[in-house]
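See below for the structure under consideration.
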Amino acid sequence: MISDNKTEPILEKVLELKRISAVEAITLYENMDAMSLGQVAHKIRSVKCDPGVASYIIDRNINYTNVCVTQCSFCAFYRKTGDPEGYVLSDEVIREKISETKELNGSGALIQGGLNPRLRLDFYIHLLKVIKDCEDIHIHGFSPPEIVYISQLEKMSLRDVIRALMDAGLDSIPGGGAEILTESVRNEISPKKCGVDQWLSVMETAHELGLKTTATMMFGHVESLEDRLEHLCRIRELQDKTGGFTAFIPWTFQRGNTVLNSEPVGGYEYLKMLSLSRIFLDNIVNIQGSWVTQGEGIGQLSLHFGANDLGSIMIEENVVKSAGTVYKMSEERMRQLIEDAGYKPFQRNTVYSNMTDLRKNA
């Protein structure tokens, strides 16, 4: 491990499992190479998680509509209202997708879509009931921007909207729509989407109501390193307060077919930021590697740079695919990658609750 006078006292704190500040995190990032930072993150990962296991899940992403009013500059998936390519999936198609997921030994479904002004709360309640009536499956659904939009359309509180969705079958909430949690960045790349405080309010309310959620960060576009650390700070602060985040998933902007003219970061910077996330987010156990945006090789390497999980095999994925990045994987291939990286593969559930015993044995 390479360190110097700037980083050595900070690394001592990290390895003693003491919390570091955003300024200290930036110092590590700017003065250490990816390999050295990865070694530190790997040591922390080995303490926080079972050092011999890497997890994954079998589920699918179901995007019930691609019609969206926000028109984010980084998104290639959305279509405007009235666009002939716009769609809303039928009940029949939803049932087919859920049934196929169960046939492939899937345990969950990630349900997300655009902010479609023609869809009201009764649509989402019906959608949840269609899924629950079809199969016994965990519904990880409706990111904060979707929930904020529903509350605005219905003139309801976030709490009442989330409670109604829970009553209809919602089991947990994904961390989508976070991008970068600074207002300056959001005003530039997604000015019509919910703001930082609204995103955090959805998550805090969900946690208060007993729902687990994940947190994400999409980086490598217009943001600065300081913006990334502000994002991590906001996540860490809320986790201190509620403990409701089950995992953190950093992934990189994919520029294909988008109007955002930013060169996305490569594997080196991705692994470096992943490592810093593991080090800084001392109150989140699970850090997920993004093979979906980085490919199998970097995904596999991520398990030695702080990640303990490789996410889903992706029976279906539409948003990243729309930007021209298409990676698919069978369960057999996922398990092989994990084994070849030196770990025992473990199929987890959506909220990681079946990994408790593994952590006790760490």
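The values are calculated or read from the model by the stated rules, or taken from the named source; none is laboratory data. This one's a predicted model, so the numbers in the text were calculated from it and none came from an experiment. Because the Cβ atoms are built from the backbone with ideal geometry, glycine has one as well, and the counts that use them run over all protein chains shown.
Odds and ends about this structure:
- Listed by first and then second residue, the pairs linking a residue in the stretch 340-362 that is of a type in the set (A, V, I, L, M, F, W, C) to a residue that is surrounded by 18 or more Cβ atoms within 10 Å (Cβ to Cβ) and at pLDDT below 95, with Cβ atoms under 8 Å apart and 6 or more places separating them unless they lie on different chains, are 346/355; 346/358.
- Subset tally (residues that are part of a loop (DSSP other than H, G, I, E, B) and either among the small types (Gly, Ala, Ser) or at pLDDT 90 or above (or both)) for the stretch 173-192: 10
- Scan the stretch 134-155 for residues that are assigned to a helix (DSSP H, G or I), among the aliphatic types (A, V, I, L, M) and touching a strand residue (DSSP E or B) at 6+ places or on another chain (Cβ under 9 Å) and the total you get is 1.
- Unique residue being under 14 Å from the mean Cα position of the chain (by Cα) and either at pLDDT below 95 or acidic (Asp, Glu) (or both) when the list is 312, 353, 322, 277: 312
- Candidate set from the stretch 1-52 (those that are among the basic types (Lys, Arg) and either without any contact (Cβ under 8 Å) to a residue 24 or more places away in the chain or in contact with a strand residue (DSSP E or B) (Cβ under 8 Å, 6 or more places away or on another chain) (or both)); member that is surrounded by the fewest Cβ atoms within 10 Å (Cβ to Cβ): 18
- If you go through the stretch 195-214 and pick out every residue that is over 17 Å from the mean Cα position of the chain (by Cα) and either in a loop (DSSP other than H, G, I, E, B) or of a type in the set (Val, Ile, Thr) (or both), you end up with 4.
- Selection from the stretch 102-129 of residues that are hydroxyl-bearing (Ser, Thr, Tyr) and surrounded by 22 or more Cβ atoms within 10 Å (Cβ to Cβ): 124
- Checking each residue in the stretch 222-258 for being among the β-branched types (Val, Ile, Thr) and either crowded, with 23+ Cβ neighbours inside 10 Å or in contact (Cβ under 8 Å) with a residue 40 or more places away in the chain (or both) picks out 222, 235, 246, 249, 252, 258.
- Whichever residue in the stretch 287-307 is more than 16 Å from residue 37 (Cα to Cα) and buried (at least 24 other Cβ atoms within 10 Å of the Cβ) and, among such residues, is modelled with the lowest pLDDT: 292
- Boolean, residue 161 is of a type in the set (Val, Ile, Thr), within 24 Å of residue 278 (Cα to Cα), touching a helix residue (DSSP H, G or I) at 6+ places or on another chain (Cβ under 8 Å) and surrounded by 17 or more Cβ atoms within 10 Å (Cβ to Cβ): no
- All of (1) more than 21 Å from residue 200 (Cβ to Cβ); (2) in contact (Cβ under 8 Å) with a residue 12 or more places away in the chain; (3) of a type outside the set (A, V, I, L, M, F, W, C) hold for residue 96 with one exception: (2).
- Residue count for the stretch 217-246 satisfying the condition of being of a type in the set (Phe, Trp, Tyr) and farther than 23 Å from residue 190 by Cα: 1.
- On the stretch given as the stretch 1-33, residues that are basic (Lys, Arg) and assigned to a helix (DSSP H, G or I) total 1.
- Matching residues, the stretch 195-206, being touching a Lys or Arg at 6+ places or on another chain (Cβ under 9 Å) and either under 25 Å from residue 274 (Cα atoms) or among the polar types (S, T, N, Q) (or both): 195, 196, 199, 200, 204, 205
- Here residue 131 does not fit the description of being outside any helix (DSSP H, G or I) and either out of contact with any Ser or Thr (no Cβ under 9 Å at 6 or more places or on another chain) or free of Cβ contacts under 8 Å to residues at least 40 places away in the same chain (or both).
- Unmet requirement for residue 251, which otherwise passes all of (1) part of a strand (DSSP E or B); (2) in contact with a Pro (Cβ under 7 Å, 6 or more places away or on another chain); (3) aromatic (Phe, Trp, Tyr): (2)
- Qualifying positions in the stretch 166-221 - of a type in the set (Gly, Ala, Ser) and touching a residue at least 60 places away in the same chain (Cβ under 8 Å): 172, 175, 176, 190, 215
- Residue, nearest to residue 274 (Cα to Cα), within the stretch 174-194, restricted to residues that are within 16 Å of the chain's Cα centre (by Cα) and not acidic (Asp, Glu): 180
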